[in-house]
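> Below is one structure. I have some questions about it.
The values are calculated or read from the model by the stated rules, or taken from the named source; none is laboratory data. Everything numeric in this text was worked out from a predicted model, so none of it was measured. As a convention, Cβ positions derive from the backbone with ideal geometry for all residues, glycine included, and neighbour counts pool all protein chains shown.
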Amino acid sequence: MSVLVERSFVVPVAVEAAWQLLADVEDWPAWAPHIRSVELEPPGGLGPTSRGRFRLRGAPASSFSMLTYDPPRHWSWAGSVAGMRVTYDHRFGSEGPSATRITFVVEGHGPISRLVGRPFAWIYGRNLDRAIPRLIDRYRRVASGST
């Protein structure tokens, strides 16, 4: 196992509100331009048995299934990319009554990760670097009441 991508940032809402907005996975295309659509099963919100599929721009679709579901602290799910098992951890930590640190940790697993891990990390990291400012802006709008 190796950490391929890690990003951490602070949003201006309490942990529960931070969790709630990010757990609306079907809304991710609104702030993550690399995602065309999300199908979530069962429908109706993220939960301990969630699984789904991301349709991506310029890349094959990506499926995931929930590994750990611990609201409002973190959830992790796993999928496969080019034969590499990938886990995606979404962590939430309080930075006070009205701020939350969100950390995304993406790990590659298995022998193929040595081969495809670096290019995957480069592409995925660039996508996150474009999406995170848009996500922070959504949190700012929630905090100001102008959703």
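> Can you name the residue in the range 94-105 that is more than 15 Å from the chain's Cα centre (by Cα) and not hydroxyl-bearing (S, T, Y) and, of all such residues, is surrounded by the most Cβ atoms within 10 Å (Cβ to Cβ)?
Residue satisfying both the conditions and the ranking: A99.
> In contact with a helix residue (DSSP H, G or I) (Cβ under 6 Å, 6 or more places away or on another chain) and closer than 20 Å to A18 by Cα: is that true of F104 in this structure? Let's see the steps before the verdict.
On the way: in contact with a helix residue (DSSP H, G or I) (Cβ under 6 Å, 6 or more places away or on another chain): no; closer than 20 Å to A18 by Cα: yes.
Here the answer is no, as F104 does not meet what is asked.
> Let me ask another. Within the group Y88, Y139, Y69, which residue is in contact with a Leu (Cβ under 8 Å, 6 or more places away or on another chain) and within 20 Å of W31 (Cα to Cα)? Write out each step before concluding.
Working: Y88 fails: in contact with a Leu (Cβ under 8 Å, 6 or more places away or on another chain); Y69 fails: within 20 Å of W31 (Cα to Cα).
When all the criteria are applied, what remains is Y139.
> May I ask you to say which residue of R101, R85, R114 is more than 19 Å from R7 (Cβ to Cβ) and assigned to a strand (DSSP E or B)?
On the way: R101 fails: more than 19 Å from R7 (Cβ to Cβ); R114 fails: assigned to a strand (DSSP E or B).
R85 is the lone residue from the list that is more than 19 Å from R7 (Cβ to Cβ) and assigned to a strand (DSSP E or B).
> Would you point out the residue of the range 24-49, among those that are of a type in the set (A, V, I, L, M) and part of a helix (DSSP H, G or I), that is farthest from W75 (Cα to Cα)? Outline the logic, then answer.
The first filter runs over the range 24-49 and keeps only residues of a type in the set (A, V, I, L, M), leaving 25, 30, 32, 35, 38, 40, 46.
Those left that are additionally part of a helix (DSSP H, G or I): 25, 30.
Details: V25: 12, A30: 21 Å.
The qualifying residue farthest from W75 (Cα to Cα) is A30.
> What number of residues in the range 54-77 are surrounded by fewer than 17 Cβ atoms within 10 Å (Cβ to Cβ) and at pLDDT 95 or above?
8
> While we're looking at this one, here's another question. Hey, can you tell me all the residues within the range 1-23 that are modelled with pLDDT under 95 and in a loop (DSSP other than H, G, I, E, B)?
Listed by number, the list holds a single entry, M1.
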